[in-house]
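Trainee: The following block contains the structure, expressed as structure tokens.
The values are calculated or read from the model by the stated rules, or taken from the named source; none is laboratory data. Worth saying up front: this structure is predicted, and the values here are computed from it rather than measured. Every residue, glycine among them, receives a Cβ derived from its backbone with ideal geometry; neighbour counts consider all protein chains shown. Side chains included, ligands, DNA and RNA excluded: accessible areas come from the protein's heavy atoms. Shrake-Rupley method; radii C 1.70, N 1.55, O 1.52, S 1.80 Å.
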Amino acid sequence: MNQSFCLVALQLLGSLGLLIYGMRMMSEALQKMAGPGLRHILGRMTTNRFTGMLTGVLVTAAVQSSTATTVMTVSFVNACLLTLAQAISIIMGANIGTTLTAWIMSAGFSFNVTDFVYPIFIIAMLLIYKKRHRVVGDFLFGMAFLFLGLGTLRQTGVDMNLGENEAVLRFFSSFDAHSFTTTLLFLLIGGVLTMCVQSSAAIMAITMILCSSGALPIYQGIALVMGENIGTTVTSNLAALSASTQARRAAFAHMFFNFFGVCWMLVVFHPFVDFVCSLVGGGAERLSFVLATFHTCFNIANTLILIWFIPQIERIVCWFIRQAPEAEKAKLHLQYLDGGLMQTPEIAVLQAQREVQQFGLRVQQMFQMVRRLEAEKDEKEFARLFDKIADEEDMTDRIEIEIAHYLEQVSDEHLSDETKEKIRRMMREISELESIGDACYNLARTMNRRQESGKSLTPALSARLQAMMNLADDALTQMNTAMSGHRREHDIRETFRIENDINQMRQRLKADNIRAVNEHEYDYAVGTLYIDLVNECEKLGDYVVNVVEARFGK
């Protein structure tokens, strides 16, 4: 008896493992297939609350994971790509999209899906060997594992014969199905189990086994489903713990949305369940469809009620999670890579890209400090500004290392080929951006050396140096334009034109400098300091071109 029980328990756990693994494999493969398109859909299809909700439905149905969509959304809010109101509408849609999983599972409990498993495995293997279609093969492998898990779960439920097990029947019948206390208890159990397992799909599968076998009354089963709806929100809240205030608010809005839905559903619980049962009809073998129908109807109804109150929900979550000004000011120098939001690798790449763009803006601001240093006459202010530039150069070194470390971690995940190429380009970009930071610091050091020597440039030399710096600043502006926009929207020839102007000016200034020194217009030491500044500006222009070429994959 004990041996038989242990075998069934192992079958149950193993089939749940196959189910979760299959769903994760499918989700990752779909994310790789969608690639950057998934990011663009989330970023653009949110013009109003209804398109945002529709986006959440479509993306979640596509990637088969409301957790993935929610974490993506939190990541977008953290990266300032979505407002809190837009994020709330997407999360509402994600709650509807995730019900597709319940329908797939209910179908798996209604007929023997294992009949389809082995042909799918064969097709998947053939596609994986053809490298062009490897991602499709991964998706089919995930689907096969999902079906195998469902089929094994269904058979395990039959083997357990729960509907005729006196002990099980006696345990569940000890709860009054029409009692409000019983509903609350099973709701709590569903929430706690989902939080522990971190997979609402696994708990939904167990619920379907219990209901389909006739062991668990439908009212308790649906109470478990409601609990799963709350328990699944924990993942996004955990992901947002170390993120920005707005990201934590987006995650909390997900929890608020589901919690509010459960509260109003408790008021109309039995009539609503009876209505769903009348829609589906049939006996115990159709109870899995009852659970899926309830899950869909509940989330659609909850969305239809709350979608009109998004501004009010936004105010509530903002009141509950207050802005902490000092904490926000004390954030690390990385603005978009603050937390463990790498559960969706494709979105992690987007966050890294935003951080690289911010890096580009930072080095241009550093160059602006250098220009102020050149014009500064007050010794104390000059020293303060020079120290600030030195600190900024140290910061650029640390930013390069941290972004590179983040990208290395992301590159270990399953990514589309296009995204892998994007990571390689970003690695090159941050290296060149750090070199721009070095060039800015070298300019500042040369100016500091000139300050300490007591030498000063003639008005004519200062004017020529300013002209050179203007070109370098134009190059940095073009670089940041190229990095922030879509590649096809930028003409790379403009960057090459500015670089050509910088090279020609350097050659002209060097020739003029040699002539002026020979004619004793100023001494050799001044000429050396001057030409060092000109050469460093030219190097900075070269690094800018390297960044733009990396951005364009040249």
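Trainee: How high is the FRET efficiency from Tyr118 to Leu7, r the C-beta distance, R0 25 Å, rounded to 0.05? Don't skip to the end; give the middle numbers.
Mentor: On the way: r = 23 Å, r/R0 = 0.93.
That pair, Tyr118 with Leu7, gives E of 0.60.
Trainee: Within 12 Å, Cβ to Cβ, of Gln478, how many net charges do the neighbouring residues add up to if Lys/Arg are +1 and Asp/Glu are -1?
Mentor: Every neighbour counted, the sum reads -3.
Trainee: Pop out the carbon and sulfur fraction of the accessible area of region 418-554 as a percent, whole number, probe 1.4 Å. Working shown, then result.
Mentor: Working: 2910 of 6370 Å².
Looking at region 418-554 in its full context, I get 46 percent from C and S.
Trainee: Sticking with this one: R0 = 56 Å: FRET efficiency of Leu185 with Leu361, Cβ-based, nearest 0.05?
Mentor: On the way: r = 54 Å, r/R0 = 0.97.
E(calc), rounded to 0.05, equals 0.55.
Trainee: What number, in percent, do you get for the relative contact order of region 415-522 if the mean sequence gap of Cα pairs under 8 Å and at least 6 apart is divided by its residue count?
Mentor: 23 percent
Trainee: Where only protein heavy atoms count, and the probe is 1.4 Å, what is the accessible area per residue for region 457-553 in Å²?
Mentor: Normalised by residue count, the accessible surface of region 457-553 is 47 Å².
Trainee: Mind giving me the FRET efficiency for Ala390 and His178? R0 is 56 Å, r the Cβ-Cβ distance, nearest 0.05 is fine.
Mentor: 0.15
Trainee: If the limit is 24 Å between Cα atoms, which of Lys377/Lys539; Lys388/Lys554; Lys377/Lys455; Lys388/Lys510; Lys388/Lys420; Lys130/Lys420 go over it?
Mentor: Details: Lys377/Lys539 26 Å; Lys388/Lys554 34 Å; Lys377/Lys455 12 Å; Lys388/Lys510 30 Å; Lys388/Lys420 36 Å; Lys130/Lys420 19 Å.
Over 24 Å apart, Cα to Cα: Lys377/Lys539; Lys388/Lys554; Lys388/Lys510; Lys388/Lys420.
Trainee: While we're here: Show me the ranking of peptides 202-210, 421-429 by mean Cβ neighbours inside 10 Å, starting with the highest.
Mentor: Per-residue Cβ counts within 10 Å, averaged per peptide and sorted highest first, yield 202-210, 421-429.
Trainee: Mean separation of Cα pairs under 8 Å and 6+ residues apart, divided by the residue count of region 468-541: what relative contact order is that in percent? Please report the intermediate quantities before stating the final value.
Mentor: Numbers: 42 pairs, mean separation 32.5, N = 74.
The value is 44 percent.
Trainee: In nm², what is the average projected area of the convex hull enclosing the Cα atoms of region 361-419?
Mentor: 4.9 nm²
Trainee: With each label point set 7 Å from Cα along the Cα-Cβ vector, what nm distance links Met125 and Trp264?
Mentor: Label-label distance for Met125 and Trp264, simple model: 5.2 nm.
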